[in-house]
Amino acid sequence: MTVIAIDGTFASGKGTLAKRLADHYSLAYLDTGKLYRAVGYAVMQADEDPGNARHAAKAAKALTGKELDNPILKSGEVAVTASKVAVHPEVRQALFNFQRDFAKRGAVLDGRDIGTVICPDADVKFYVDAKSEIRAKRRHLELTGYGEDISFETVLAQLIERDERDKNRKEAPLKAADDAHLIETSEMGVDEVFETAKRIIDAVLKPRD
């Protein structure tokens, strides 16, 4: 079964790309970031400390997958908390098997350690990125579209902080896999990003037909 791994920075467009590719190739899709958001939200709901590994791991182990459809997971506060719980090795281990099992049936997965840790043998790997100001603008439009009252400056500051935390954590830091195809989306529309990725995938998979 085909497995496509998409890693990249926050608000770079990797989720949009992953969903379109999953639909195009009739593959299952998993936004692995939602797993961490669900854990973060559970910690928030329990009024516990996301910086406490034991609290975060307890929430991760209780995850069933049904929580991923909750629209609250799109909120800015949950996103910030998600990056805090994601630094704990106990949390990442608890979610490791969930992601690996999902990929076994053939899937497109997007996240921050898919090509490097979760699916190192994926058929095709991508690393998606864009300039921080561009990503912050996209995220600000998204959040205000949900009705959140937040400034662009706050979104940019949170995004930069999150980038630093993701790239410098000891456990599975965000980085491009050695064999990942890099896509820089700052000056690209969603259709162009999709067509670029599709051409690469078709070139890789065609020899196997």
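Side notes on the structure shown:
- Test: residue in segment 166-174 that is among the hydrophobic types (A, V, I, L, M, F, W, C), touching a residue at least 40 places away in the same chain (Cβ under 8 Å) and in contact with a Leu (Cβ under 9 Å, 6 or more places away or on another chain): no
- Some residue of segment 174-188 being of a type in the set (S, T, N, Q) and closer than 17 Å to THR16 by Cβ: yes
Yes/no matrix, rows are residues, columns are (1) free of Cβ contacts under 8 Å to residues at least 60 places away in the same chain; (2) charged (D, E, K, R):
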position: ASN97; (1), (2): yes, no
position: LYS104; (1), (2): no, yes
position: ASP113; (1), (2): no, yes
position: THR116; (1), (2): no, no
position: ALA122; (1), (2): no, no
position: GLU153; (1), (2): yes, yes
position: LEU156; (1), (2): yes, no
position: ILE160; (1), (2): yes, no
position: GLU164; (1), (2): yes, yes
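- Candidate set: segment 1-15, residues that are surrounded by 19 or more Cβ atoms within 10 Å (Cβ to Cβ) and among the β-branched types (Val, Ile, Thr); chosen: the one nearest to THR116 (Cα to Cα): ILE6
- Residue among ALA103, ALA172, ALA176, ALA107 that is in contact with a Cys (Cβ under 7 Å, 6 or more places away or on another chain), among the small types (Gly, Ala, Ser) and under 28 Å from THR81 (Cβ atoms): ALA103
- Top-ranked residue of segment 39-75 - restricted to ones that are among the hydroxyl-bearing types (Ser, Thr, Tyr) and touching a residue at least 24 places away in the same chain (Cβ under 8 Å), ranked as nearest to GLN93 (Cα to Cα): TYR41
- Identity of the residue in segment 84-107, outside any helix (DSSP H, G or I) and in contact with a Lys or Arg (Cβ under 8 Å, 6 or more places away or on another chain), that ends up surrounded by the fewest Cβ atoms within 10 Å (Cβ to Cβ): VAL87
- When residues of segment 16-33 are limited to those that are farther than 15 Å from ARG105 by Cα and hydroxyl-bearing (Ser, Thr, Tyr), the one surrounded by the most Cβ atoms within 10 Å (Cβ to Cβ): THR32
- Hey, GLU164 closer than 20 Å to ARG139 by Cα, of a type in the set (Asp, Glu) and touching a strand residue (DSSP E or B) at 6+ places or on another chain (Cβ under 8 Å) or not: no
Rundown of residues vs (1) β-branched (Val, Ile, Thr); (2) touching a His at 6+ places or on another chain (Cβ under 7 Å); (3) at pLDDT 95 or above, yes/no style:
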| position | (1), (2), (3) |
| --- | --- |
| MET1 | no, no, no |
| PHE10 | no, no, no |
| TYR36 | no, no, no |
| VAL39 | yes, no, yes |
| VAL43 | yes, yes, yes |
| THR64 | yes, no, no |
| GLU67 | no, no, no |
| LYS74 | no, no, no |
| GLU90 | no, no, no |
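- Single residue of segment 179-193 satisfying the filter (of a type in the set (A, V, I, L, M, F, W, C) and crowded, with 18+ Cβ neighbours inside 10 Å) that is nearest to ALA86 (Cα to Cα): ALA180
- Here LYS58, LYS34 are screened, and the one residue that is within 25 Å of TYR146 (Cβ to Cβ) and assigned to a helix (DSSP H, G or I) is LYS34.
The values are calculated or read from the model by the stated rules, or taken from the named source; none is laboratory data. Note that this is a predicted model, so its numbers are computed, not measured. Cβ: placed from backbone, ideal geometry, glycine included. Neighbour counts: every protein chain shown.
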